[in-house]
Every structure is written in C-alpha cells, then in structure tokens.
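Notes follow once the structure below has been shown.
Every read-out reported here was derived from the displayed coordinates using simple, explicitly stated rules and does not represent laboratory data. Note that the structure is a prediction, hence the values are computed from the model and not measured. Neighbour counts are summed over all protein chains in view; Cβ atoms, including those assigned to glycine, are modelled from backbone coordinates with ideal geometry.
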Amino acid sequence: MNANNPFSSLSQYAPSAAFNTSVETLVVQTLRSAITQGAFYPGQEIDEAAIAESLQISKMPVRQAIAALEVEGLVTKVPRKKVYVTSLDKHDIEEIYTTRIALEEVAIRAAVKKACERDYELLERNLAIPLSQMDGYVGFLEVDKEFHSLLYAPSGWHRVMKYLQQLRNNTAMYRILREPLPPEKLQLSLYEHRAICDAYKAKDEEKTAKLLREHTIRTVPSLNDINHANEVATQKQQ
C-alpha cells in the first residue's frame, strides 16, 4: 500500500462479502483491518470522501462505520468534525493493558474449565506454525492474535472476548510501528504460548492464568516503543 495515500488501496483489507452483511459492517471491518495492520498511523486524519471513493460507495455508510470505530477507540473525533486515528500515550497503554490483564484472567479461568479435545486440536494447529513460515512481523501478530482468541473461545464469555479484541486492536498499531523485534524475542513468545497451552490442556487453572499474565506483561509496549511509534507517525505527517 502507498504509505502516503493509504486510502487508495483500501479494498485489499475488505473481507469477503457475506450474505446479509450490511455495507456499514463491511466498511467497519475494512477500516478496522487497515488501522490495526498499520496502513494508517496514529494521528492521521480520516478522509471520508477518499474512503468512499476507494470503496466505491456513498459517504453515509462510511460515516456510520467511523462512528462505530470511535466507540471501539480506534478513531477520535475532534472539533470541526475532523476524525483522526487515535494516538496513545504512556497512560493510555497502562490503562489498556491493566484492563486487558484483568479480563484475560476472567476469560482464561472459565476457558480452562470448559475446553475440550477440539479446542486443544485448534491450539496445537496454531502452535505448529513455525516462525519461518509467518509473513514477517505482521504475520506473527496474526498468529499471535489467533492463539489468544482460541484460548478464550471455550469460556463462552462473549462480551469479555469482544472487549479483549478491542483492547488488542487499540494497541495493534503501536506493536507494528515500534522498533522491529529480533527473531529470538518472537520465538520466546511462541515458547511461552507452548507453556500456556500445556498448562491449559492439563486443566491447571492457576498455572495457566499465571503464565498468561506474565506473557501479557512482557509484551506491554515500552515508553521507547510508544515514542518511536509516535515519531514515525509525526514523520509521515510531514
């Protein structure tokens, strides 16, 4: 995608149209994917007309989609009706991860109790993907996101899982824009996934919750990560 004009190729982020899916929902999914995969940068102005032109639709579903993304915290409206991709600071990151850790414990404890062989098979399939076959750092993040979603799925706590996904989305840009992580750090995350899965399959609720909490804490973006991402965003605006 053209980094200077991310609106020009938004269609590559569009999901396959499902039966009875509204245009607004498709636009929400497209913009959410574009933002969380780094097509836009923190603080970038959202151009409704450019989005409508790129997706070949009217402005109304774009406005409705932007309103939905504002509720999710991915975009922010400011005076004069301008809309920007949300920027985060150290306090925002701390709040998001503190909330995420609390919700993860609720979800993982319920999931450990309810998980069955099919759930274990899906986790093992995810864990079988080697780092060398992932499409760079963005590909790693997609595999990571799937692993965490599979962990919580048996819990049945759908609202909690929805909030957890929103919290992950809120920080996705900062994970992509920070200084590239060396392969050994990415591999460490995969080793931690294996340890979490083993405790999960053993129905060891306490150990699973502890390992997951430690894993999440280790992945919190540092102040340097936040500053680097915001510097990259500032450079792109110039």
Query raised in the report: Among [x] -0.65, -0.77, -1.05, -1.20; [y] -0.65, -0.75, -0.97, -1.09; [z] -0.73, -0.86, -1.11, -1.23, which one is log10 I(q)/I(0) by the Debye sum over Cα atoms at q = 0.12, 0.13, 0.15, 0.16 Å⁻¹ computed from these coordinates?
Result: [z]
Report task. For a footprinting-style exposure proxy, rank T25, T171 by other Cβ within 10 Å, fewest first. Result -> T25, T171
Query raised in the report: Pairing the Cα long axis of helix 205-218 with the longest principal axis of the chain, what angle in degrees results, from 0 to 90 and rounded to the nearest 10?
Result: 40 degrees
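If you take the beta carbon distance between L188 and K82 as r and set R0 to 30 Å, what does 1/(1 + (r/R0)^6) give as a FRET efficiency, to the nearest 0.05?
Values: r = 41 Å, r/R0 = 1.36.
According to the calculation, E is roughly 0.15.
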Requested in this report: Kindly express, to the nearest 10 degrees and within the range 0 to 90, the angle between helix 59-72's C-alpha long axis and the longest C-alpha principal axis of the chain.
Outcome: 40 degrees
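Thinking of segment 6-87 as a set of Cα atoms, what percent of all their pairs are more than 21 Å apart?
Values: 591 of 3321 pairs.
The answer is 18 percent, as a whole percent.
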Query raised in the report: Given a cut-off of 26 Å, what percent of all Cα-Cα pairs of segment 90-230 lie beyond it?
Result: 20 percent
Requested in this report: Give the angle, between 0 and 90 degrees and rounded to the nearest 10, that separates the Cα long axis of helix 90-114 from the longest principal axis of the Cα atoms of the chain.
Outcome: 50 degrees
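Taking Cα pairs under 8 Å and at least six residues apart, what relative contact order does segment 90-230 come out at, in percent? Mind dumping the intermediate values first?
On the way: 114 pairs, mean separation 55.0, N = 141.
The value is 39 percent.
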**Report entry** Cα-based convex hull, segment 129-171, per residue volume (Å³, whole number)
**Finding:** 57 Å³
